[in-house]
Amino acid sequence: MVKNFAAENLRRTFSFLILSFFLLSCSPQPTTPTQIITINYSPFIEFQMDEVYACANDLSIVLNVSAESPEIYFQIGEPETVYSFAYQIDEEEIVVAVNRQSEIQDLLLEGVQDLFSSEKYQVWVYSSDSEMQELFDQFVMQGRSVSSFAKIAPSPQVMAEALSSESNAVGFIPKQEMTENLREVYSMGTFPVLALTEAEPQGAVKNLLGCLQRN
């Protein structure tokens, strides 16, 4: 079964296919307690990692988190570097958020563009090479530049904390990072959470991805 990579609101065609493991017809291959998988993940899918560790625990797999030659890399949206295999394990909505006390109300796309390119509010963004910033630049700013006074957050958690403490701040985060101190004013859409591998998954790697797709 080939999985459609594009989430409902994703507005471009990706250059590779999302694969599936025929989960309804195939049972996981047995693993041993000593199986170790090296993984790495972007800071923008921290919310997904509890599920990854839960599946690993169920399958008696030990996860080694390392940036050096990971067997699986997890991120949101299309990767800058095309991997040989990409598996959609979930999807996540990305929203523009403000402090609950902010005067900013619900916005349309043009309003968000104006907001992030102005100096009236404290704008928060991510590093230009991060997948979240690339998605924001493509689907929101569409060629416009953000304010030169924008502050850079290393992760959605840091941005959420900044938005919670600054009444005039605005930024964008995965919806699962929203707290009671924040208010959504615009939805960027829903994007796939991907597990990327260089080689076709076998053994414990295949079992782990199969568990994540089932859940």
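One table, with the values for the structure above:
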quantity	calculated
Every pair of residues 6+ apart whose Cβ atoms lie under 8 Å, when the first sits in segment 158-184 and is closer than 17 Å to Glu119 by Cβ and not assigned by TED's automatic domain parsing to the domain that holds Asp50 while the second is of a type in the set (Asp, Glu) and at pLDDT below 95	none
Tally of residues being more than 15 Å from Pro43 (Cβ to Cβ) and either in the same structural domain as Leu135 (by TED's automatic domain parsing) or in contact (Cβ under 8 Å) with a residue 60 or more places away in the chain (or both) across segment 55-78	8
Count of segment 43-56 residues which are under 26 Å from Ala153 (Cβ atoms) and surrounded by fewer than 20 Cβ atoms within 10 Å (Cβ to Cβ)	7
Hits in segment 135-156 - residues which are surrounded by fewer than 16 Cβ atoms within 10 Å (Cβ to Cβ) and assigned to a helix (DSSP H, G or I)	Gln138
Positions within segment 191-210 being surrounded by 16 or more Cβ atoms within 10 Å (Cβ to Cβ) and either assigned by TED's automatic domain parsing to the domain that holds Gln101 or not in a helix (DSSP H, G or I) (or both), in sequence order	Phe191, Pro192, Val193, Leu194, Ala195, Leu196, Thr197, Pro201
Checklist (1) touching a residue at least 60 places away in the same chain (Cβ under 8 Å); (2) closer than 20 Å to Val170 by Cβ; (3) not in a strand (DSSP E or B) applied to Lys120, failing item	(1)
When residues of segment 98-111 are limited to those that are surrounded by 18 or more Cβ atoms within 10 Å (Cβ to Cβ) and in contact with a Ser or Thr (Cβ under 9 Å, 6 or more places away or on another chain), the one nearest to Glu200 (Cα to Cα)	Val98
Flag for Glu184 being touching a Phe, Trp or Tyr at 6+ places or on another chain (Cβ under 8 Å), of a type outside the set (A, V, I, L, M) and not in a helix (DSSP H, G or I)	no
Those residues of segment 57-85 which are buried (at least 22 other Cβ atoms within 10 Å of the Cβ) and among the small types (Gly, Ala, Ser), in sequence order	Gly77
Any hit, segment 112-126, residues being buried (at least 17 other Cβ atoms within 10 Å of the Cβ), among the small types (Gly, Ala, Ser) and outside the structural domain of Glu46 (by TED's automatic domain parsing)	no
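The values are calculated or read from the model by the stated rules, or taken from the named source; none is laboratory data. As the structure is a prediction and not an experimental result, all values here were calculated from the model. Cβ sites come from the backbone with ideal geometry, for glycine too, and all protein chains shown count toward neighbours.
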